[in-house]
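Undergrad: Here it is: the structure, laid out below.
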Amino acid sequence: MKNIKSLIIALIVLTSSTQINAQAVTTNTAVNNVVTAYYGVKNALTADNNTLTQTSAKALVAAISAVPMDKFTADQHKLWMAYTAKLQFDGRHISESSALDHQREHFTSLSKNLYELVKGLKMNTAVIYEQYCPMKKATWLSETSDIKNPYYGKQMLTCGKVTETLNPVTK
């Protein structure tokens, strides 16, 4: 009888921990999808492609909306709520404008806010490089350490430097 009770308790604990891990993976994946969609916007700006920037920004807004906020811890949820409206605002403006200058203007605050969010959430599964443009006095995030400046595109493609590296978080 004791063995059956122990077995049932072990199964309940195992099932509970499996559900918690599945939730964490879902949230991590969703946050990393936001970062990947952001890279699409950044890369389109780097190529001076306003149409692709608009399309990529729509994908970013969709990725932000798809994040399962109810699966965050209380601290993560508070941080997410502090930045999500700002990210959506800039993403929408970028997606609604065909003017590269206007897209880049919103990209500045988008980059700053996403950096603060990702750094605070500690959920990135790949290295993220924060890079800085001294001409614009603004930062952006990149998936590589190579400088490809989204603020000036082809005009000044390699202007900038890496200012910080966010290593992948292991859990």
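Undergrad: Is there any pair linking a residue in the stretch 151-171 that is more than 19 Å from T125 (Cα to Cα) and assigned to a helix (DSSP H, G or I) to one that is at pLDDT 95 or above and acidic (D, E), with Cβ under 6 Å and at least six apart or on different chains, and which?
TA: So the pair list comes out as G153/D48; K154/D48.
Undergrad: Which condition breaks for A47 when tested against (1) surrounded by fewer than 16 Cβ atoms within 10 Å (Cβ to Cβ); (2) over 27 Å from S145 (Cβ atoms)?
TA: Failed condition: (2).
Residues checked against (1) buried (at least 18 other Cβ atoms within 10 Å of the Cβ); (2) touching a helix residue (DSSP H, G or I) at 6+ places or on another chain (Cβ under 7 Å); (3) among the basic types (K, R):
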{"residue": "D101", "(1), (2), (3)": "no, no, no"}
{"residue": "L117", "(1), (2), (3)": "yes, yes, no"}
{"residue": "L141", "(1), (2), (3)": "yes, yes, no"}
{"residue": "P150", "(1), (2), (3)": "yes, yes, no"}
{"residue": "K154", "(1), (2), (3)": "no, no, yes"}
{"residue": "G160", "(1), (2), (3)": "yes, no, no"}
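Undergrad: Restricting the stretch 122-150 to residues that are free of Cβ contacts under 8 Å to residues at least 24 places away in the same chain and closer than 21 Å to N49 by Cα, which is nearest to the chain's Cα centre (by Cα)? It would help to see each step written out before you state the result.
TA: Of all residues in the stretch 122-150, those free of Cβ contacts under 8 Å to residues at least 24 places away in the same chain come to 137, 144-147.
So of that shortlist, the ones also closer than 21 Å to N49 by Cα come out as 144, 146-147.
Numbers: T144: 15, D146: 19, I147: 19 Å.
For the stretch 122-150, the residue satisfying everything is T144.
Undergrad: Can you find a residue in the stretch 104-121 that is in contact (Cβ under 8 Å) with a residue 12 or more places away in the chain and more than 16 Å from the chain's Cα centre (by Cα)? Walk me through it before giving the result.
TA: So the first thing to find is which residues in the stretch 104-121 are in contact (Cβ under 8 Å) with a residue 12 or more places away in the chain, and the list is 104, 106-121.
From what's left, more than 16 Å from the chain's Cα centre (by Cα): 104.
Scanning the stretch 104-121, I find at least one residue that is in contact (Cβ under 8 Å) with a residue 12 or more places away in the chain and more than 16 Å from the chain's Cα centre (by Cα), so the answer is yes.
Undergrad: Hey, another quick one. Counting only residues that are hydrophobic (A, V, I, L, M, F, W, C) and surrounded by 18 or more Cβ atoms within 10 Å (Cβ to Cβ), how many does the stretch 80-93 have? Break it down into steps so the answer makes sense when it comes.
TA: Applying the first criterion (hydrophobic (A, V, I, L, M, F, W, C)) to the stretch 80-93 yields 80-82, 85, 87, 89.
Filter again for surrounded by 18 or more Cβ atoms within 10 Å (Cβ to Cβ), leaving 80, 87.
Final tally of qualifying residues: 2.
The values are calculated or read from the model by the stated rules, or taken from the named source; none is laboratory data. Everything numeric in this text was worked out from a predicted model, so none of it was measured. Cβ coordinates were reconstructed from backbone atoms using ideal geometry, including for glycine residues, and neighbour counts include every protein chain displayed.
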